[in-house]
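> I have a structure here, written as structure tokens, and I will follow up with some questions on it.
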């Protein structure tokens, strides 16, 4: 019997069902600090992926404005971490 990692099993389950959203949301949450660092994670109070749109709740208005100006780069970074261009849009709340 071959051993598989739980992450690989879940990944295959969501791919088979055609519903990658919950898997990708969990992956983004797990890698958020790695992608953007401790300063941004400190001001992030929520991450939600819905219909290929990533909603990120930022508690600092100045940081939210700064992140909004860099949306395209953030979108590229997120999609690179997923291994495909799944997220179409980012909304900072």
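FYI, it's all coordinate maths here, none of it is from the lab. Please read all numbers here as calculations on a predicted model, not as lab measurements. Because the Cβ atoms are built from the backbone with ideal geometry, glycine has one as well, and the counts that use them run over all protein chains shown.
> Scaled to the compact-protein estimate 2.2 N^0.38 Å, what is the alpha-carbon radius of gyration of segment 32-93, rounded to two decimal places?
Cα Rg divided by the expected 2.2 N^0.38 Å: 1.03.
> Starting from the Cα of residue 52, step 7 Å along the direction of its Cβ; do the same at residue 85; then give the gap between the two resulting points in nm.
1.0 nm
> Still on this structure, please answer the following. State, to one decimal in nm, how far the label point of residue 59 lies from the label point of residue 31, with both points 7 Å from Cα in the Cβ direction.
Computed distance between label sites residue 59 and residue 31 equals 2.6 nm.
> Looking at segment 6-92 only, what percent of DSSP beta bridges run antiparallel? Nearest 5 please.
Here the share of antiparallel DSSP bridges comes out near 60 percent.
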